[in-house]
Amino acid sequence: MNRRRCATAAITVVCALTVLASPALTLQASAAPRPPAAPSAPLPPAPPKKTLEEVRKEIDGLYRQAAAATDAYNLAEEKAKEQSAEIVELAKMIVAGREKIDALKAQAGAAARAQYRNGGLPDGAQFVLTDDPQLFLDNAGRLQQGQKATKDLLAEMTRTQAQLDVYAKEAGTNWTKLEANRVKQAESKKDIDAKIAAAKKLESELAAEERARLLRLEEQEQYKAQTAWLSTGVLKGLSGKATPKGKQAVEYATAQIGKPYVWGAEGPGSFDCSGLTQRAWGVAGRSIPRTSQEQWRLLPRVDVKDMRPGDLIVYYKDASHIGMYVGNGAIVHAPRPGRNVTLAGAGSMEILGVVRPE
């Protein structure tokens with residue numbers, strides 16, 4: 001009995017302890033610290049701000065790429081004009097050739113009808129078949145002449161048809177080239193627009209004071225290059241005298257100072273670099289190629305030490321810029337978008353060479 005009571009009491013104590021302990025365990029579990037949240041990924045460091053000189057070089061590079069693309073655009077446009085003119089001329093020749101064939105066919109038809117009326121024999125053949133010997137002798141030559149005329153007629157028709165085939169083939173080839181050049185123009189225009197937009201965006205992100213400093217940096221760089229060029233003594237012994245045509249070209253080019261640069265423009269209100277030089281020499285009576293690269297490739301070259309006013313100085317390894325030498329170590333040129341036609345030091349950019357339009 002005592003044992004049973006002791007056991008009952010023990011069980012009661014254990015149950016009571018269990019009941020008392022449970023809330024404590026629950027409270028302890030709820031109060032336990034949560035695992036720390038995973039740290040967020042660190043933000044990438046901000047790119048270092050470019051110096052103004054780095055911005056200047058980047059802008060200059062973009063405008064030079066735009067100038068090269070402008071040359072490609074202008075060349076494609078020039079070729080497209082040439083091919084359009086050739087297609088027009090070929091079309092005229094095809095029309096004339098067809099008219100000629102129609103006339104030859106009419107002539108051949110008249111001969112065939114005359115032969116039919118004479119019983120299938122030409123007039124000359126009837127004379128040959130006469131019993132009169134004298135009439136035979138008089139008209140034998142006429143028969144030979146008639147046969148020759150017929151052969152000549154057929155030969156002329158064959159030759160004219162062959163020419164028509166050639167004209168048609170050439171017109172097809174020129175049309176294909178024309179379309180290809182139009183595609184090149186569109187691609188170059190897209191490239192030009194992209195490069196100019198990127199350069200303008202860089203400039204627009206600068207404060208007004210920074211833009212002013214950027215212009216000063218540009219001028220300082222040009223001055224430094226011009227000073228280094230002049231220090232070589234390049235102007236010693238140079239003739240400052242232009243030919244009459246050269247003087248005329250210089251007068252026209254310098255009269256355009258202050259007009260804006262617009263890519264692809266040939267005047268009179270705006271110019272790109274080669275548009276200015278081409279028009280100036282055109283006014284002087286000398287036709288020269290449209291682009292700076294073609295002017296460099298096709299015009300006679302002269303040594304820098306022999307240049308004279310009116311000569312054209314070509315810049316950079318890709319011949320993407322050109323200006324006109326006006327004497328005293330200066331050029332007149334259309335620099336780039338956002339700038340106007342101006343005077344500058346002839347050595348303020350990297351010189352590739354000099355060409356003479358006359």
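The values are calculated or read from the model by the stated rules, or taken from the named source; none is laboratory data. Predicted model, so just to flag it, every value in this text is computed and none were measured. When we count neighbours, we look across all protein chains shown, and the Cβ atoms used for this are built from the backbone with ideal geometry, even at glycine. Accessible surface is based on the protein model in full, side chains and every heavy atom, while ligands, DNA and RNA are left aside. Shrake-Rupley method; radii C 1.70, N 1.55, O 1.52, S 1.80 Å.
Looking only at the stretch 300-322, which residues are among the acidic types (Asp, Glu) and assigned to a loop (DSSP other than H, G, I, E, B)? Step through it out loud before you land on a result.
Within the stretch 300-322, the first condition is being among the acidic types (Asp, Glu), and the residues that meet it are 303, 306, 311, 318.
Passing the criteria: Asp303, Asp311, Asp318.
For the stretch 151-167, how many residues are open to solvent by less than 70 Å² (accessible area, probe 1.4 Å) and more than 40 Å from the chain's Cα centre (by Cα)?
From the stretch 151-167, those open to solvent by less than 70 Å² (accessible area, probe 1.4 Å) are 153, 155-157, 160, 162, 164, 167; that's our starting set.
Those left that are additionally more than 40 Å from the chain's Cα centre (by Cα): 153, 155-157.
The total comes to 4.
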- Message: Restricting to the stretch 323-358, give me the number of residues that are crowded, with 22+ Cβ neighbours inside 10 Å and in a strand (DSSP E or B).
- Response: 9
- Message: So, in the stretch 215-245, exactly how many residues are among the β-branched types (Val, Ile, Thr), open to solvent by less than 70 Å² (accessible area, probe 1.4 Å) and modelled with pLDDT under 95?
- Response: 1
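Inspect the stretch 330-343 for any residue being of a type in the set (S, T, N, Q) and modelled with pLDDT under 95 and give the result as yes or no. Walk me through how you get there before you give the answer.
Of the residues in the stretch 330-343, the ones of a type in the set (S, T, N, Q) are 340, 342.
Add one more test, that the residue is modelled with pLDDT under 95, and what stays is none.
So far as the stretch 330-343 goes, no, none of its residues is of a type in the set (S, T, N, Q) and modelled with pLDDT under 95.
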- Item | the stretch 168-194, residues that are in contact (Cβ under 8 Å) with a residue 60 or more places away in the chain, more than 19 Å from the chain's Cα centre (by Cα) and open to solvent by less than 50 Å² (accessible area, probe 1.4 Å) | Ala171
- Item | Per-region count, the stretch 198-214, residues in a helix (DSSP H, G or I) and surrounded by 12 or more Cβ atoms within 10 Å (Cβ to Cβ) | 9
- Query: What are the residues in the stretch 255-283 that are touching a helix residue (DSSP H, G or I) at 6+ places or on another chain (Cβ under 6 Å), open to solvent by 10 Å² or more (accessible area, probe 1.4 Å) and more than 22 Å from Lys189 (Cα to Cα), if any?
  - Reply: Val283
